[in-house]
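A.B. asks: Take this structure first; my questions come after.
The values are calculated or read from the model by the stated rules, or taken from the named source; none is laboratory data. Bear in mind the structure is a predicted one, so any value in this text is a computation, not a measurement. FYI the Cβ positions are ideal-geometry reconstructions off the backbone, even for glycines, and counts take in every protein chain you see.
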Amino acid sequence: MVHSSVDALKQLDQLLEADMAAVAAHVDTLVPTLTLQMRLSFATAVQSPDMSRLCKHLVNVLFRIFSAVSLAVGRDPRPK
């Protein structure tokens, strides 16, 4: 399951690199979901190298989202 999650995050990262506008409509749901997954993954990352790898890709995607001004500007910072 971790491998499929990492593969999905890699695809999302590629999409963010190629066409951020395609992701923009989903940022408000992606960020809380990725953040929750990161919290859960960090809790078990010490026990598993696969979970550490998942954490790395989660951080990378979140960093890319927050680095993109076009995705970050105008978003409601409060959770829904």
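A.B. asks: Residues in region 1-30 that are under 15 Å from residue 62 (Cα atoms) and out of contact with any Leu (no Cβ under 7 Å at 6 or more places or on another chain): how many?
C.D. replies: Qualifying residue count, region 1-30: 13.
A.B. asks: Of everything in region 9-35, what is within 10 Å of the chain's Cα centre (by Cα), over 13 Å from residue 71 (Cβ atoms) and of a type in the set (A, V, I, L, M, F, W, C)? Give them in sequence order.
C.D. replies: 9
A.B. asks: Then there's this: What pairs come out if I take residues in region 47-59 that are within 23 Å of residue 31 (Cβ to Cβ) and in contact (Cβ under 8 Å) with a residue 12 or more places away in the chain and pair them with residues that are part of a helix (DSSP H, G or I) and among the small types (Gly, Ala, Ser) whose C-beta lies under 7 Å away, six or more apart or interchain?
C.D. replies: Short answer, once both residue conditions are applied: 51/41; 51/45; 54/5; 54/41; 55/41; 55/45; 58/41.
A.B. asks: In region 46-68, how many residues are basic (Lys, Arg) and farther than 10 Å from residue 16 by Cβ?
C.D. replies: Adding up the residues that qualify gives 2.
A.B. asks: When region 19-74 is examined, which residues are found to be farther than 22 Å from residue 2 by Cβ, among the small types (Gly, Ala, Ser) and either at pLDDT 90 or above or exposed (fewer than 15 other Cβ atoms within 10 Å of the Cβ) (or both)?
C.D. replies: Of everything in region 19-74, those that are farther than 22 Å from residue 2 by Cβ, among the small types (Gly, Ala, Ser) and either at pLDDT 90 or above or exposed (fewer than 15 other Cβ atoms within 10 Å of the Cβ) (or both) turn out to be 21, 22, 25, 67, 70, 72, 74.
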